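Q: Please read through the structure below; I'll follow up with questions.
The values are calculated or read from the model by the stated rules, or taken from the named source; none is laboratory data. Owing to the predicted nature of the structure, the values given are computational and were not obtained by experimental measurement. All Cβ positions, even for glycine, are placed from backbone atoms using ideal geometry, and neighbour counts span all protein chains on display. Calculation scope for accessible area: heavy atoms of the full protein, side chains included, ligands and nucleic acids excluded. Shrake-Rupley method; radii C 1.70, N 1.55, O 1.52, S 1.80 Å.
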Amino acid sequence: MRAVIDTNVLISAIFWTGSPKRLLNRVRRGEVTFVTSRVLLDELKEILVRPDKPFKLSEEEADRVVKAIQNVAEVVETQSQVRVCRDEKDNKVLECAVDGRAEWIITGDAHLLELQSFKNVRIVTVAEFLRRF
């Protein structure tokens with residue numbers, strides 16, 4: 001089972017307990033293949049160090065977190081150019097899913113969730129994904 005886990009879900013899994021953490025633990029156990037891209041990993045780091053976010057990690061701390069996430073992921077090169085969403089970051093998630101041959105996008109992003117699917121990739125919340133599997 002191949003899934004792109006959106007940055008908002010990763011942030012929740014890293015800092016809090018609950019469904020996102022359970023999902024990340026399933027990735028660590030090899031039950032779910034987590035697909036990501038360099039662009040999405042860069043977005044994660046950028047959010048971790050931003051002064052207007054509650055995390056405010058140093059560059060070094062953020063690098064360690066991203067490295068740990070990267071170690072449990074399959075990082076794919078994206079070639080696709082998707083222009084479905086107004087938010088370019090959402091399009092990057094779709095591109096990763098298409099080029100990474102993902103079956104699922106797991107997100108809390110309302111704009112992505114309203115699509116429900118894109119090119120045979122189902123778009124669901126963490127709770128819905130865990131309920132199904």
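Q: What whole-number value in Å² describes the accessible area per residue of the range 39-116 for a 1.4 Å probe? Walk me through the intermediate numbers first.
A: On the way: 4450 Å² over 78 residues.
Heavy-atom SASA per residue in the range 39-116 reads 57 Å².
Q: Quick one: how many Å² of LEU10 are accessible to a 1.4 Å probe, rounded to 10?
A: Rounded to the nearest 10, the figure is 10 Å².
Q: Just need the relative contact order of the chain here, percent rounded to a whole number, with Cα pairs under 8 Å and 6+ apart.
A: With pairs under 8 Å counted, the relative contact order is 30 percent.
Q: Here is a further query. Could you work out the percent of alpha carbon pairs in the chain separated by over 17 Å, rounded to a whole number?
A: Counting every Cα pair in the chain, those more than 17 Å apart make up 55 percent.
Q: To the nearest 10 square angstrom, how much accessible area does PHE129 have with a 1.4 angstrom probe?
A: 0
Q: Nearest 500 deg cm²/dmol is fine: what mean residue ellipticity at 222 nm does the chain get from its DSSP H runs of n ≥ 4 alone, each adding -39,500 (n - 2.57), divided by its residue count?
A: Helix contribution divided over all residues of the chain: -15000 deg cm²/dmol.
Q: Mind checking which aspartates and glutamates have their C-alpha under 14 Å from LYS92, skipping anything on the same chain fewer than 8 residues away?
A: Hits, sequence-local ones excluded: ASP6, ASP42, GLU43, GLU77, ASP109.
Q: How high is the relative contact order of the range 67-133, in percent, with contacts defined as C-alpha pairs under 8 Å that are six or more residues apart?
A: It comes to 24 percent, rounded to a whole number.
Q: What does the charge dipole of the chain about its Cα centre add up to, to the nearest 20 debye, if the Cβ of each Lys and Arg holds +1 and the Cβ of each Asp and Glu holds -1?
A: Charge dipole, the chain, about its Cα centre: 540 debye, nearest 20.
Q: If you don't mind, there's one more thing I want to ask. How would you order 69-77, 35-43 from highest to lowest mean count of nearby Cβ atoms within 10 Å?
A: 35-43, 69-77
Q: Of LYS45/LYS119; LYS21/LYS89; LYS45/LYS67, which sit over 20 Å apart, Cα to Cα?
A: LYS45/LYS119; LYS21/LYS89
Q: Return the carbon/sulfur percentage of the accessible area of the chain, one whole number, probe 1.4 Å, all protein chains in place.
A: Details: 3390 of 7160 Å².
The value for the chain is 47 percent carbon and sulfur by accessible area.
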